[in-house]
1. State, to one decimal in nm, how far the label point of PHE14 lies from the label point of ARG167, with both points 7 Å from Cα in the Cβ direction.
2. Let me know the charge dipole size of the stretch 6-171 about its Cα centre in debye, to the nearest 20, where only the beta-carbon of Lys, Arg (+1) and Asp, Glu (-1) is charged.
3. Over the stretch 6-171, what relative contact order in percent results from Cα pairs under 8 Å that are six or more residues apart?
4. If you put +1 on each Lys and Arg Cβ and -1 on each Asp and Glu Cβ, how big is the dipole of the stretch 1-87 around its Cα centre, in Debye rounded to 20?
5. Along the positive direction of the dipole of the stretch 6-171 (beta-carbon charges: Lys, Arg +1; Asp, Glu -1; about the Cα centre), which of THR90, ILE20, ILE168 reaches farthest?
6. How far is it, in nm, from the label point at LYS142 to the one at ARG88 when both lie 7 Å from their Cα along the line to the Cβ?
7. Output needed for the stretch 6-171: three equivalent-ellipsoid semi-axes, defined as square roots of 5 times the C-alpha gyration tensor eigenvalues, in descending order, whole Å.
8. Compute the length gained on full extension between THR122 and LYS68: take 0.36 nm times their separation in residues and subtract their Cα-Cα distance, giving the result in nm to one decimal.
Amino acid sequence: MVEMVKIAVCGSAFGTDEDILNKAEAIGREIAKNKDILLTGGCKGYPYASLKGALLEGCRVIVYSPAKDESEHREKYDFPIEQGVEYRFTGLGIPGRNIPLVESADSVIIIGGKIGTLNEFTLAFHQKKRIGVLEGSGGVTKLIREIADICDKEGEKDNIIYEQEPRILIHKLVNQ
């Protein structure tokens with residue numbers, strides 16, 4: 001029996017670029033086609049687009065919400081709730097929920113992003129997770145190579161894959 005890979009998709013909750021939204025959705029679809037599990041932090045933007053793509057393909061999706069319950073998830077954080085998604089309400093707030101999200105993942109994908117995404121990246125980098133960076137998605141992805149070069153101690157930067165094409169990114173992430 002092949003164990004399913006858990007891939008966290010992290011990125012800008014405020015991402016609105018249509019091309020990047022389409023690529024994020026394609027990432028979700030590719031994760032589903034591999035029969036893997038998609039994890040997110042429950043926000044809108046690029047992670048939500050990947051969640052929607054994964055759901056369209058029947059993928060198992062787990063959300064690590066910063067909220068203590070569904071009501072707080074909707075009202076305090078203004079995050080969406082989707083049918084067919086497994087919610088883990090951490091009650092840890094933001095960025096606290098980033099810790100169980102990244103720890104639960106086998107690999108992490110970074111799409112655009114700001115400080116929260118950078119936090120998710122540094123957690124994954126420190127934990128020596130496989131990291132996929134969607135090149136050309138803006139935000140902190142423009143700085144990741146430089147950050148990885150500066151922070152590399154034991155070859156952690158060798159765990160990072162940079163790719164513009166969602167299908168190729170997922171393929172490299174799970175097969176190399």
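Throughout, read-outs are computed from the coordinates displayed, never taken from laboratory work. Keep in mind the model is a prediction, meaning the values are calculated, not measured. Positions of Cβ are backbone-derived with ideal geometry, glycine not excepted, and every protein chain shown enters the neighbour counts.
1. Computed distance between label sites PHE14 and ARG167 equals 3.4 nm.
2. 240
3. Computed over the stretch 6-171, the figure is 23 percent.
4. It comes to approximately 180 debye.
5. Of THR90, ILE20, ILE168, it is THR90.
6. Reported label-point gap for LYS142 and ARG88 is 3.3 nm.
7. Its equivalent ellipsoid spans semi-axes of 23, 18, 14 Å.
8. 17.0 nm
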